[in-house]
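Below is one structure, written out as structure tokens, with a few remarks after it.
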Amino acid sequence: MDNIKGFTLIELLVVISIIALLMAILIPVLGRAKIYTKQIISSSNMRQIGIAIEMYADDNKGYFPETSHGLSTPEARKRSWIYTLNKYLADVDKVRICPADPKRKERLENKLSSYILNEYIAVDNVDPFGNPIGTSYRNKFKLKRPVETITTFVGADKLSASITSDHTHSSLWFRPHPNIPWDAIRNDIQVDRYKSGTLFLYADTRVEAVKSKTIKQMADNYEDFAKP
């Protein structure tokens, strides 16, 4: 009768060690691949939004969509920019949510978006009589540098589940001390949505991946990157 030889304890421990080593190598790689896939989907969403914004502007004498800024009535939702673009998007509910957004279900249910408009291109500073103060950047045709003008950001996790949280407060990011630009920026946009960075959508419909450390450097240097 043939002898049946099994694993020795040492051999078993070696096999377990090899499996553990492979798991330690593969799990982070798979995690990064998953995050990268979500970034690609989000980039596609923003690209579609960018094209829709351009089409909307072309149909409205160059003006970008409005946000819910200053609106407190039930009509505010109808004027929210993402739904203003509804007819220019094949599926507004599909593109308005970032797959990496931890509040995606909540935002989906509450008719919100993972993406927010740059205040500079969506809201004018006005006096008590409603007259614009300073330079307006709300018209695409009047932008001096459309290729460098950011229209849309990835919204911060801390933004409330309110329709009024559909735009940044970028005109306030670089207020004087004791305001801290880096903190103000992170109150509006999620600078590390995809671990190392986030996405910017420009007026020419280009979507660019930007590292969070780059944004931190601009914040520390008081570089108002949101201003057209």
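Just so you know, all these numbers are worked out from the coordinates, no wet-lab data involved. Predicted, not measured: the structure shown is a model, and the values here were computed from it. Cβ placement follows ideal geometry from the backbone for every residue including glycine, while neighbour counts extend to all protein chains displayed.
Aspartates and glutamates near K94 by alpha-carbon distance under 18 Å, same-chain residues fewer than 8 away left out - which ones?
E106, E109, D166
Could you name the lysines in cross-link range of K87, using Cα to Cα under 30 Å and dropping any fewer than eight places away on the same chain?
Those lysines meeting the cut-off are K38, K61, K78, K103, K105, K111, K140, K142, K144, K158, K227.
How much length, in nm to one decimal, is gained on full extension between N187 and F141, taken as 0.36 nm per residue of separation minus their Cα-Cα distance?
Gain in length upon complete extension: 13.6 nm.
Less than 19 Å from a label point 7 Å out along the Cα-to-Cβ axis of I41: which backbone N atoms in region 139-161 qualify, by residue?
154-157
Roughly how many Å is it from the Cα centre of region 151-228 to that of region 38-62, as a whole number?
First find each Cα centre; the distance between them is then 18 Å.
For the residue pair D157 and I51, what label-to-label distance in nm results when each label sits 7 Å from Cα along the Cα-to-beta-carbon direction?
About 3.2 nm separates the two model spin labels.
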